[in-house]
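A short write-up of the structure that comes next.
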Amino acid sequence: MNSLPEKIKKYRQLFNDLASKIKDKKDLEELRQAFLGRKKGYLTLLFEELKHLSPEEKKAAGSILNNFKEEVQASLSKLEQKYPMPRAEKTLFDLTLPGRKTYWGAPHPLTLFQRKIEKIFISMGFSVEEGPEIETDYYNFEALNFPPYHPARDSWDTLYINDKLLLRTHTSPVQIRVMEKKKPPIRIIIPGKVFRRETSDPTHLPMFHQVEGLVVDQGITFAHLKGTLEYFIKALFGEKIKLRFRPSFFPFTEPSAEVDIECIACHGKNSQCRVCGGTGWKEILGAGLVDPQVFKNVNIDPEKYSGWAFGLGIDRTAMLAYEIPEIRYFYENDLRFLRQFIRR
Amino acid sequence: MNISYDWLKEYLDLTIPPEELSQYFDQIGLMVESRKEVDGDTVYEIETYANRPDTLGHLGVARELATLLGLPLKTHFWPLNELAQPTSDLIDIQVLDNQLCPRYCGLVVKGLTVGPSPDWLKRRMEAIGLRSINNVVDISNYVCFSLGQPLHTFDLGLLREARIVVRRARKGEKIHTLEGQLIELTPDMLVIADGSQPVALAGIIGGEESGITEKTTDVFIESANFDPVSIRLTAKKLGLATDASYRFERGVDINAAPLGATMAASLLCQFGGKASRGLLDIYPNQKKAKSVPLRLKRITELLGIEIPEEFLARTLTALGLKLTEQRAGVWVTEIPSFRVDLEREADLIEEIARFFGYNQIPSEVTPARSFELPASQEQERLWFLKEILFHSGLDEVINFSFADPEKEKIWQTGYQPIELRNPISSRASTLRTSLLPGLVENAVWNYNRESEGVHIFETGKIYFWEEEGKQQEELHLGLLTSGLRDRKTWNEPARETDYFFLKGAVEELFSYLGYDATVFEPKDFSFFQTGQSAKILIKNEPVGYLGLLKPEIRQAYELEKLTFACELNLAVLFDRQPRTFIFTPVPKYPGTVRDLSFLIEARVCFQEIYRQLKKLNVPYLERFEMYDRFEGDSLPDKLVSLSVRFYFRHEFRTLQAEEIDRAMLDIISQLKSALKIQLR
């Protein structure tokens, strides 16, 4: 059996031989493994052999061996500067592979849009009220100043259950229900489903969503209505949106108005525009000062209080905002449509 | 309403070019829906309102423009070429119902020649989209679309006697209309009859037998006023809508009747006719002009701006109102009969605002004297509920509230459905009594369009008769899961949905909403597969159900894949007060974990085991969770193996191993006696 120094001499020669032949970092790594490899490295094996020696022998031999190990490590470090090593031991993955995805549900666009509207009004101190979808003729029409048999009812084509009951054609009956219960000041919005006896076409369906607003207090004016609605529309469509107020007619407001916004699709530049029909304007809501007769119907003194109200179709406004061409998309519930709104 | 530019020029000296006129119409609320060129004329399609019958003629629209533009309104004189005979010698008129026919005017024109209309009249007809028929019919329409006063012209020679009786129809009477329809009349309908039979349906349509033909030489012109409600009821009942009924329903100017007859007769004289002497005018109960006071300060109080008195006076006068009194601060106005909509101060203020210009009124912030606490938190809770479901990977849908009664039958929801009296179609003729049928339709729709899995929810109302005549609507939540939850990816396998995905979503929902003590009790429902569904209770109150849809339902909808569904009554849920949130201190001392695996009879359901575990009376036990369960060949028959992890902790110190050993022995002994567990 060779003595330890002899073995070291032999391995030093081998190390130097191999080191002189190194061409790349792969050769260098092989050399490192050959000498310092955790299981079969020459040095590792030499250290193994120390186990069989007596304590005194072990101490002496260990010192010689450690010197040699330091020598090898020093040489390897020098070589590493010539052939730099990657930091990690190995590239295990293609880092460009797709990551794990979390599947989130998508909100319905109408919920999303209603929520946007609610937030704007809640920030102005409004609270949200609701009411029944099955209504009586009194709340849906009479209390709102629609005389029986008046042609004004034609614009609110109604689905009836029986002589007394109907599906509400607008959210306005909730105005009456709230004013019956509560005395001014009132500052509310009323979102909800409404129903009309309409045949389906790209902009009409027998069911859709509305949001209604109502303010009742002393000294409320048409100027307040204008200011609030202008703020609301700008908050919804952006500061630069142009809008106009136009006289209109609703039995429950006097004066009545409709509000148009500039056509978002063509900005009035396309006379063939599919969205605005070339007028450059798109009607988005109806509004007005609460008719004194409506106040009388709920025992609020119209001499003491005044108020404004508005109503807006959520579906049609969402169509404008998201450039959706057909209202029926909202109710087909095609996931390829709905899931887009996760990126709202 | 079609308005012709050239026709307006009969009343106004318009200098504004036709293409610029639209904006003026819009400004006063006569919204221009379209504008087109017709034979050198410009025609505007204008939106009119149910309360403004005066804008259903060119004169009324011209008056609006005259007011806005400050132009004078031209008046016309209608000369007659008269016969020697007075009208009453040529025809006998009797009005038997003054309520339904408050005014009736008429004139006879004899010796005219029916023929094509002159070019100017043809152009007028074409402009408003009517076909020119002959000079007599066209004149009648020309007057109607000028004044808004509908006329009817009878062939005098075709009346059985020279008599007109305005009366209610008798039972069993019939009439052939000018449109060739045979109509059965009822006594609530007003007719124009000759001596024996109805010859016209008053204010709606004329009869065929007395209509104008090429041979007509002598005519009787009717220019009358009829009760709006009666006309509307009759027209609705018969499904008839004519230019005449459209105007009478809205209220025609009671004082337009004499002018209508005179204008028509004067024009017919141009075709060789001669008019009878003296207009017949039956108007027994003369209507007084309405008088409406206007407090000037109210204008500012309601509009938020001061408007000069000079502007007020000019506008109201131009609209035809008379200022009968102008005391300080209060004016009294007399309303012209053509403005049926003006009755109150508020109506006058609207007119002032309209002509002053809505866009000239300032915009101000609505002041708030106080802020009230929101009356209901329901909207907020509903939104939170939805957010929880989005996190569970469920997409939101919204379905119609209508249901197909045939399809609802398959479900047997147990509710008495509410039927619509006038549905849009038989397949949408009731209101839904469950959200699940809609969700199943959505699943089928999406499977037919490339979907491999559908996981959706909807919140909305269901409707039913609680008892005879007492309707109920209830806010529900429906959930459905079917097919693949995840597609296969390079590092994850594909996952099919199952019962426990849906149950998990519901449990999370209850937990986050703050509802504890939810129980799932196995129970059969008509639409779930037997033995594959559960009833959901909160503190003994049922709130919904959950299960696997039965194959018959899937077949009925052609839904192939296994589908699980759940419906919760949110009305009941939201009625319960959720637990109030208060923070729990974060532990200061480390806890200890011990696992226990045991065998138990398979028939003991987990809910029972859980209940017993919850009841454990063991010191320092903080919580526990089941983390493994298996049954199979290696186990004795009818036994399952469960593994439960127990977490122990002391609030003020670290626990000793012996203390936990004792606790575990305690747990084992309690479970042995309560559930007959065997240790593995």
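The values are calculated or read from the model by the stated rules, or taken from the named source; none is laboratory data. None of these values were measured; they are calculated from a predicted model. Virtual Cβ from ideal backbone geometry, glycine too; neighbours counted across all protein chains shown. Protein only, heavy atoms only, side chains kept; ligands, DNA and RNA dropped before computing areas. Shrake-Rupley method; radii C 1.70, N 1.55, O 1.52, S 1.80 Å.
Given the criteria surrounded by fewer than 21 Cβ atoms within 10 Å (Cβ to Cβ), facing chain A (nearest Cβ under 8 Å) and farther than 19 Å from B:Phe457 by Cα, does B:Phe371 qualify? Judged against the criteria, B:Phe371 is a match. The criterion of being open to solvent by less than 40 Å² (accessible area, probe 1.4 Å), touching a residue at least 24 places away in the same chain (Cβ under 8 Å), charged (D, E, K, R) and under 25 Å from B:Met31 (Cα atoms) holds for B:Arg339. For the range B:501-524, the criterion of being under 29 Å from B:Leu613 (Cβ atoms), crowded, with 21+ Cβ neighbours inside 10 Å and touching a Lys or Arg at 6+ places or on another chain (Cβ under 8 Å) is met by no residue.
Looking at the range A:75-191, the helices (runs of 4 or more DSSP H) lying wholly inside it that each contain 3 or more residues that are of a type in the set (A, V, I, L, M) sit at A:109-122, A:173-181. Residue under question is B:Thr75, and the condition is that it be in a strand (DSSP E or B) and over 31 Å from the mean Cα position of the chain (by Cα); does it hold? It is false that B:Thr75 is in a strand (DSSP E or B) and over 31 Å from the mean Cα position of the chain (by Cα).
One residue alone among B:Pro437, B:Pro405 is within 25 Å of the chain's Cα centre (by Cα), in contact (Cβ under 8 Å) with a residue 24 or more places away in the chain, surrounded by fewer than 22 Cβ atoms within 10 Å (Cβ to Cβ) and within 24 Å of B:Lys550 (Cβ to Cβ), and that residue is B:Pro405. Return the residue satisfying two criteria in turn: it lies in the range B:556-593 and is among the polar types (S, T, N, Q) and modelled with pLDDT of 95 or more, and of such residues it is farthest from B:Lys386 (Cα to Cα). Selected residue: B:Thr563. In the range B:284-322, the residue that is nearest to B:Asn255 (Cα to Cα) out of those that are assigned to a loop (DSSP other than H, G, I, E, B) and basic (Lys, Arg) is B:Lys287. In summary, B:Val454 fulfils each of the numbered conditions (1) surrounded by fewer than 22 Cβ atoms within 10 Å (Cβ to Cβ); (2) facing chain A (nearest Cβ under 10 Å); (3) in contact with a strand residue (DSSP E or B) (Cβ under 8 Å, 6 or more places away or on another chain) with the single exception of condition (1). Which members of the range B:25-39 meet the condition of being open to solvent by 60 Å² or more (accessible area, probe 1.4 Å) and either under 18 Å from B:Ala62 (Cα atoms) or within 25 Å of the chain's Cα centre (by Cα) (or both)? Of everything in the range B:25-39, those that are open to solvent by 60 Å² or more (accessible area, probe 1.4 Å) and either under 18 Å from B:Ala62 (Cα atoms) or within 25 Å of the chain's Cα centre (by Cα) (or both) turn out to be B:Gln27, B:Glu33, B:Arg35.
The listed residues are B:Phe384, B:Phe390, and the only one of them that is within 7 Å of chain A (Cβ to nearest Cβ) and aromatic (Phe, Trp, Tyr) turns out to be B:Phe390.
Of all residues in the range B:463-487 being assigned to a strand (DSSP E or B) and over 23 Å from B:Val572 (Cα atoms), which is most open to solvent (accessible area, probe 1.4 Å)? Applying the filter and picking the extreme gives B:Arg485. Listed by position, the helices (runs of 4 or more DSSP H) inside the range B:323-425 whose residues that are modelled with pLDDT of 95 or more number at least 3 are B:345-356, B:378-391.
Annotation note: of B:Leu90, B:Leu65, B:Leu59, B:Leu8, the sole residue that is in the same structural domain as B:Pro258 (by TED's automatic domain parsing) and surrounded by 17 or more Cβ atoms within 10 Å (Cβ to Cβ) is B:Leu90. The single condition from (1) part of a loop (DSSP other than H, G, I, E, B); (2) out of contact with any strand residue (DSSP E or B) (no Cβ under 9 Å at 6 or more places or on another chain); (3) within 14 Å of chain A (Cβ to nearest Cβ) that B:Glu249 fails is (1).
Please work out which residue is surrounded by the most Cβ atoms within 10 Å (Cβ to Cβ), limiting yourself to the range A:121-151 and to residues that are closer than 14 Å to A:Gln175 by Cα and small (Gly, Ala, Ser). It comes out as A:Ala143.
Conditions tested, residue by residue: (1) buried (at least 19 other Cβ atoms within 10 Å of the Cβ); (2) over 24 Å from A:Ala265 (Cα atoms); (3) under 29 Å from the mean Cα position of the chain (by Cα); (4) at the interface with chain B (Cβ under 8 Å from one of its Cβ atoms).
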| position | (1), (2), (3), (4) |
| --- | --- |
| A:Phe195 | yes, yes, yes, yes |
| A:Thr199 | no, yes, no, yes |
| A:Thr203 | no, no, yes, no |
| A:Met207 | yes, yes, yes, yes |
| A:Val211 | yes, no, yes, no |
| A:Val216 | yes, yes, no, no |
| A:Gly219 | no, yes, no, yes |
| A:Lys226 | yes, yes, no, yes |
| A:Ala235 | no, no, yes, no |
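Picking from residues in the range B:393-436 that are touching a Gly at 6+ places or on another chain (Cβ under 9 Å) and more than 7 Å from chain A (Cβ to nearest Cβ), the one that is nearest to A:Leu112 (Cα to Cα) is B:Leu435.
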